[in-house]
Amino acid sequence: MRPTLELLLDLRGQVRDLMRVELSLVRAEISERALGIPSSLTAVVVGIVLLPVALGLILVAVSLFLLRFGIPIDLAFLIVAVVSIALSLLLLRLGVARLKPSRLVPAGVRHG
């Protein structure tokens, strides 16, 4: 049988070793996750750049499609632009209307 003091010293040493191992695992995990941040950030930036370009190409394609119906090219682009702006303003108005503070309070929460 080992004395209690010796057991406590062994326990302290094992806890200290366990903490060192856990800290090294945390450091390794953090550094591993940090390595993925630049590629994720790059993907977000490329997506942000490509999205308006793709939307512009779609609008140009719709304008060119209107040419098949005998609409002059300048009028076709004007129609697509006006419809796009009107739709954007409508969506913006609907979004702002839904952001009223009274709509953001969770159900069941009372004022007062």
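Read-outs: derived from the displayed coordinates by stated rules, not from any lab. Because the structure is predicted, anything quoted here is derived from the model rather than measured. Positions of Cβ are backbone-derived with ideal geometry, glycine not excepted, and every protein chain shown enters the neighbour counts.
Quick one: if you take sqrt(5λ) for each eigenvalue of the C-alpha gyration tensor of the chain, what semi-axes come out, biggest first, whole angstrom?
Each semi-axis is the square root of five times an eigenvalue, giving 63, 27, 8 Å.
If each of I73 and I37 carries a label point 7 Å out from its Cα toward its Cβ, how far apart are those two points in nm?
The answer from the label model is 4.8 nm.
Step through the residues of the range 50-57 one at a time and calculate ³J(HN,Hα) from phi using the Karplus curve (6.51 cos²θ - 1.76 cosθ + 1.60, θ = phi - 60°), rounding each to whole Hz and writing x for Gly and Pro.
With coefficients 6.51, -1.76 and 1.60, one gets 6, 4, x, 5, 5, 4, x, 5 Hz.
Between L94, L41, L9, whose Cα lies farthest towards the positive end of the dipole of the range 4-102 when Lys and Arg beta carbons carry +1 and Asp and Glu beta carbons carry -1, centred on the Cα centre?
L94
Helix 73-97: angle to the longest alpha-carbon principal axis of the chain, degrees 0 to 90, nearest 10?
So the helix axis and the longest Cα principal axis differ by about 40 degrees.
What nm value, rounded to one decimal, do you get for the distance between R2 and I30 when each label is placed 7 Å out toward the C-beta?
In this crude label model, R2 to I30 measures out at 3.2 nm.
Please compute the Cα-Cα pair-distance distribution of the range 1-65 with 5 Å bins starting at 0, giving whole percents from short to long.
Pairs per bin, as whole percents: 3, 14, 9, 9, 8, 7, 8, 6, 6, 5, 5, 4, 4, 3, 3, 2, 2, 1, 0.
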